[in-house]
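Everything below concerns the one structure shown next.
The values are calculated or read from the model by the stated rules, or taken from the named source; none is laboratory data. Predicted, not measured: the structure shown is a model, and the values here were computed from it. Here the Cβ positions follow ideal geometry from the backbone for every residue, glycine too, while neighbour counts run over all protein chains shown.
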Amino acid sequence: MSGADIERARQILTGARRVAVLTGAGVSAESGIPTFRDAQTGLWAKFDPAQLASSEGFRADPPLVWRWYAARRARVSEAKPNAGHRALAAAAARFEQFTLITQNVDGLHVRAGSRNVIELHGNILRSKCFAECGVVFADPDALPPGEPPHCPRCKSFLRPDVVWFGEMLDPVVLERAERAATDSSVMLVVGTSALVYPAAGLPLAARRHGAQVVIVNPDETDLDPIADVCVRARAGEALPQILATV
Ligand code: BV8
Ligand code: ZN
């Protein structure tokens with residue numbers, strides 16, 4: 001992590017008026033939640049996450065998929081927001097417009113105090129009726145028993161209220177994210193491999209509308225070529241330094 005990159009990122013954000021942030025699993029890694037990349041260690045190593053995170057996967061084996069989400073939900077419930085989440089929450093008030101767009105379903109940005117968070121892919125702590133009859137459980141502790149439990153209204157299965165591969169994002173949510181990106185003068189991209197669409201298209205859209213792009217990621221990503229600066233560091237280390245005095 002070069003001081004020069006931190007300084008460059010800080011310069012770009014200092015004085016910026018409209019900031020949009022896109023985060024991925026990397027921002028929660030320091031909270032002990034494995035990224036998608038390294039999620040497949042241990043128990044779930046033999047499963048393809050895109051297969052588990054799909055309606056085909058759920059139909060093929062509802063208990064398996066439900067248990068996978070239950071295991072992830074338990075990790076999320078134990079986890080605490082880290083310095084990266086907190087730096088983003090604290091920085092918001094310093095900008096005319098600050099929109100936090102996340103691919104994460106862990107709810108840690110909101111728990112860190114961030115407002116105006118756009119959860120592109122839903123939230124793992126919520127469950128809903130697989131048949132979309134409208135039943136939603138916001139509190140995992142209120143879930144009926146069963147793996148998966150049955151919907152109390154139509155007896156179909158319950159499923160996690162997340163966007164699965166092959167499923168459309170909520171058009172209202174996506175439209176809000178696209179507007180925040182194309183309105184922004186700076187787009188901060190933190191902890192994402194930028195391989196999943198339409199989320200990965202947001203920094204490109206921001207760039208096309210004249211925004212400067214700042215990336216924070218210890219590794220290279222496909223987005224690096226469009227960035228004004230790539231800060232090769234972990235979010236929990238870099239974000240407090242970049243955002244502290246802007
Ligand atoms: C859809 C919720 C209509 C569920 C998720 C265009 C081109 C190609 C493919 C497509 C396309 N359009 C659509 C597709 C298909 C597909 C897609 O993008 N496939 C990919 C794999 C190629 N998209 C969809 O299916 C979307 N729906 O488009 O519907 C449609 C349908 C079919 C065909 C056409 C159109 C729905 C996508 C949403 C799926 N749901 N999550 C759940 O969580 O269980 S996606 C899920 O995976 C996450 O939400 C996230 O989006 C993604 C994982 O990416 P990251 O978060 O970036 O995590 P990753 O582990 O990959 O990387 C971590 C990064 O952090 C790394 O770079 C690492 O270096 C860095 N890092 C590590 N530690 C740190 C760190 N950084 C900072 N600090 C650290 N400490
Ligand atoms: Zn139902």
>> I'd like to know if the stretch 227-245 contains one or more residues that are surrounded by fewer than 16 Cβ atoms within 10 Å (Cβ to Cβ), not acidic (Asp, Glu) and not in a loop (DSSP other than H, G, I, E, B).
In response: no
>> Checking the condition away from ligand 1 (no atom under 15 Å from the Cβ) and touching a Phe, Trp or Tyr at 6+ places or on another chain (Cβ under 7 Å), which residue from Glu132, Glu147 passes?
In response: Glu147
> Can you name every residue in the stretch 123-171 that is part of a helix (DSSP H, G or I), of a type outside the set (A, V, I, L, M) and exposed (fewer than 14 other Cβ atoms within 10 Å of the Cβ)?
Replying inline: Asp141, Pro171
> Within the stretch 219-232, how many residues turn out to be touching a residue at least 60 places away in the same chain (Cβ under 8 Å) and near ligand 1 (Cβ under 10 Å from one of its atoms)?
Replying inline: 2
> Out of curiosity, is Arg126 free of Cβ contacts under 8 Å to residues at least 40 places away in the same chain and within 16 Å of ligand 2 (Cβ to nearest atom)?
Replying inline: yes
> Is there any pair with a first residue in the stretch 78-90 that is under 18 Å from Leu22 (Cβ atoms) and a second that is hydroxyl-bearing (Ser, Thr, Tyr) and assigned to a helix (DSSP H, G or I) whose Cβ atoms are under 8 Å apart and which are 6 or more apart or on different chains, and what are they?
Replying inline: Asn82/Ser28; His85/Ser28
> Which one of Pro148, Pro152 is touching a residue at least 40 places away in the same chain (Cβ under 8 Å), within 13 Å of ligand 2 (Cβ to nearest atom) and farther than 13 Å from Asp106 by Cα?
Replying inline: Pro148
> Is one or more of the residues making up the stretch 4-26 without any contact (Cβ under 8 Å) to a residue 40 or more places away in the chain, over 18 Å from Ala177 (Cβ atoms), within 16 Å of ligand 1 (Cβ to nearest atom) and of a type outside the set (Phe, Trp, Tyr)?
Replying inline: no
> Filter the stretch 69-84 for residues that are in contact with a Lys or Arg (Cβ under 9 Å, 6 or more places away or on another chain) and assigned to a helix (DSSP H, G or I); which is surrounded by the most Cβ atoms within 10 Å (Cβ to Cβ)?
Replying inline: Gly84
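This table checks each residue for (1) among the basic types (Lys, Arg); (2) within 18 Å of the chain's Cα centre (by Cα).
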position	(1), (2)
Arg159	yes, no
Leu169	no, yes
Ala181	no, yes
Arg207	yes, no
Ala211	no, no
Val214	no, yes
> With respect to Val189, is the statement that it is out of contact with any Leu (no Cβ under 6 Å at 6 or more places or on another chain), within 12 Å of ligand 1 (Cβ to nearest atom) and touching a residue at least 60 places away in the same chain (Cβ under 8 Å) true?
Replying inline: no
>> So in the stretch 155-174, with the set limited to residues that are within 16 Å of ligand 2 (Cβ to nearest atom) and among the hydrophobic types (A, V, I, L, M, F, W, C), which one is nearest to Ser77 (Cα to Cα)?
In response: Leu158
>> Take Thr35 and tell me if it is near ligand 1 (Cβ under 10 Å from one of its atoms), under 16 Å from Asn217 (Cβ atoms) and at pLDDT below 95.
In response: yes
